[in-house]
Structures are given as C-alpha cells and as structure tokens.
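The values are calculated or read from the model by the stated rules, or taken from the named source; none is laboratory data. Fair warning: this is a prediction, and the values are worked out from it, not measured in the lab. Positions of Cβ are generated from backbone atoms using ideal geometry, with glycine treated the same way; all protein chains shown enter the neighbour counts.
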Amino acid sequence: MSDTTTEFRIARRGYEPAQVDEHIRELTQAVEVARRQSVELARRVEELESQQGESGESTEPTFADLGARVGQMLTLAQEEAAEIRASGTSDAEQCRKEAEQMAMQVRDEADKYAEEKRFQAEAEHEEVIAAAKQKAAEIREQAKKDAASRRGEAEAIFEKQRAKAAKAAAEFETNLAQRRERAEQALAERTQAAEAHLVSVQERAERTRADAEQIHEEASAKAERLVEDAQRRAREMITEATGRAERLRAESERELAAVAQRRDSINAQLANVRQMLSTLLGGQSSNDLFNELSTDGEDEGAKEQASSSSSSS
C-alpha cells in the first residue's frame, strides 16, 4: 500500500468529519478487495499443490536387481523424478506463503492507516468542539461588555441631545429660518451620503457574493480532485494485486508444465528400458520380468523375515 496522504478540507481548525469517514470507507473497501484476492490466490496455490500431489502419488519400484547398468539407470531416473516432485512442492508452498504474506501486509497497512486517520479525526473533532465552546463563551462575555458600554453611551448621547434640544427651543424664534436652511442642507448631504453608502454596500455585497461563488467552485473542484485521487489509488491497488495474482498463476503453470515434461521424459526412458529388456530376454515382456522380480523379492523378503524371527527366538 502506498504511503501517500490525503488532504482533507479544513473546517474550523480541523478536518471535516464526513469527508474523513468517506475516505475511511473507501480504504476499508480497498482492503476488502485485497483480502478477497489473497484468498483467491491461496485457493489457487492449494489447487496447484493438489494437482502436483496427484501427479506424484504413484510409487516407483526399485530396480536394483535388474543388473548394474540398467539398475543404475532406472534408479537415477527414479531419484530425478523424486527431486522434481519435491522441487515442485517446495515452489508451490513458497508461492502460497508469499501470497499470504503480501495479503497480510496490505491488510495490516490499510487497517493501521485507517485507524490513525480515525484517531486523528476524533482528536481534531474534540479540539473543534472545545474551541467552539470557548469562542462562544468569549463572544457572550464580549457581548455583555459591549451592551453595557453602548447603554452608557446611549444615555450620554440622550442627555446631550436633550440639552441641545432645550437650547434650540429657546433660540427657535430667533434663528428659525437659519435652522431650516441648515436642516435642508444637512438633509441633502445625508441623503447623498446615504445613497453613496447604499451603492458602496451593494458593491461590497456583489464582491462578497462573487468571492463566495469562487470559493465554492474552488472547494468543489478540490473535492472532486480528492475523490478522483482516492479512486485512482484504489484502482492502482487493485491492478497491482491482480498483476501479482496473474504472475503467480503463470509461474505455477510453467512449473507444472516443466514437471509434466520431466515425467513424460522419465516415462519415455522407462519404455526404452523395457524395450531393451524385452529384446535381451528374447521376447519375454518387461512387465513379466518386473512381476517375476517383484515375486522373487517378496519371497526373499519373507525368507529373511522368517530367518530373523527364528534367530530372535
């Protein structure tokens, strides 16, 4: 499994939990696929071992009594066949062990990675909650302070305005026309300022909306890239495991073909030896000769066993 890390979207001093959970689910699915492929590889290796065992179940007779040269030839052929069977069994066992080790390594690495990401997400989630609670408490405390401060300011402004109103009422008769003119001018200035402020607010709102849309588009594009990257890594893992399985299968088939070829070669040599024996014995079949030798060997073995028993008694 590759050690590449996945970048998650930041959400208030931490990764977004939903995105972390989704990535963990994808990793779990990839691990399950690798596990199923390892089981299939183990099953295939067992089938190859079984087929190889079936091809080597028949026992080979000893040919030491056929004469020095012929017996040596047949004994060497028998030993070579035994070595071929042992080599095929050892190679198949090695393939099975490597497949199991590879599957176990992939599963352990994926489980470890998923567990680390889960612990990290939980820790960051707790940090976000604690930070949010602390921030909320600070905001409430600041709001209380701001409310008290603004209440005092409002009272001071009210007293000031009331004093001005009293003074203005006293001077109303003398400067009514002047006040009206100033009021009209002030109204015009305030109206103009309000209109300018409204235009500025609208422009800021438009810029804010455009920035929000851009941020949303960038976040969506980044999320799509993250999903595509995770899917690509999952496909790479599946392709790699499939390639290894195909290579193991091809190697096993080549080894079985080599064993079969060696077995056919040995059988051909045995057939030649039987033909030679048949020619040398003047028409007597090699099978009859093998049967006679086997019978003589059994009789001699029985005699030796009886002799051993009598000696022991």
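Tabulated data for the structure shown
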item	result
Restricting region 238-260 to residues that are under 18 Å from Val33 (Cβ atoms) and of a type in the set (Gly, Ala, Ser), the residue that is surrounded by the most Cβ atoms within 10 Å (Cβ to Cβ)	Ala241
Complete set of residues in region 167-186 that are exposed (fewer than 10 other Cβ atoms within 10 Å of the Cβ) and assigned to a helix (DSSP H, G or I)	Ala169, Ala170, Ala177
Any chance Glu124 is assigned to a helix (DSSP H, G or I) and out of contact with any strand residue (DSSP E or B) (no Cβ under 9 Å at 6 or more places or on another chain)	no
Scope region 116-167; condition touching a Lys or Arg at 6+ places or on another chain (Cβ under 8 Å) and of a type in the set (A, V, I, L, M, F, W, C); matching residues	Val128, Ala131, Ala132
Test result for Glu224, under 22 Å from Glu26 (Cβ atoms) and exposed (fewer than 15 other Cβ atoms within 10 Å of the Cβ)	yes
The listed residue being over 24 Å from Val33 (Cβ atoms), among the charged types (D, E, K, R) and modelled with pLDDT of 80 or more, out of Glu159, Glu171, Glu124	Glu159
